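Trainee: Here you go, one structure.
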Amino acid sequence: MAAVGYALLWIGDAAFGGGALQMPFGPRAWEFIGLMLAIGLFASWLGTLCWNEASQRLPPALAGQLIVFETLAALAYALALRGQAPAPGVLLGVVLLVAGVLWALRVKPQAA
């Protein structure tokens with residue numbers, strides 16, 4: 001899917017951007033290729049292995065909460081990278097996500 005997305009970006013840049021991007025790998029090709037390999041290895045492959053281990057060892061309710069906090073961590077990283085404060089709607093979403101997790105923690109499993 002990443003290769004298809006990259007090809008579409010390349011085609012879109014040629015068609016609508018006037019070739020503004022230095023394709024296929026930009027001005028520092030070896031740095032780009034190395035970074036993409038590192039991200040592919042650590043974020044995709046290693047991240048998937050860790051997620052599979054965690055989801056097998058944790059109860060489903062706790063694994064679901066990990067998904068919420070993974071989303072919040074990605075949001076915090078993106079905002080920090082941009083140097084932006086979250087918009088009011090984003091803050092409301094964060095509060096609702098955290099409130100949902102806290103509410104779910106209050107529920108105790110019933111014995112069958």
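What follows is calculated from the coordinates using simple rules that are stated; it is not laboratory data. Everything quoted here is computed from the prediction, not taken from an experiment. Note that we place each Cβ from the backbone using ideal geometry, even for glycine, and neighbour counts take in every protein chain shown.
Trainee: Output the qualifying pairs, or none if there are none: Cβ atoms under 6 angstrom, residues six or more apart or on different chains, first residue in region 65-93 and without any contact (Cβ under 8 Å) to a residue 60 or more places away in the chain, second residue in a helix (DSSP H, G or I) and surrounded by 11 or more Cβ atoms within 10 Å (Cβ to Cβ).
Mentor: Q65/V101; V68/L97; V68/V101; P86/L79
Trainee: Does any residue in region 31-55 that is among the aliphatic types (A, V, I, L, M) come within less than 8 Å, Cβ to Cβ, of a residue that is surrounded by 10 or more Cβ atoms within 10 Å (Cβ to Cβ) six or more places away or on a different chain, and which pairs are these?
Mentor: As it stands, the answer is I33/F25; A54/A63; A54/L66, since those pairs meet every condition given.
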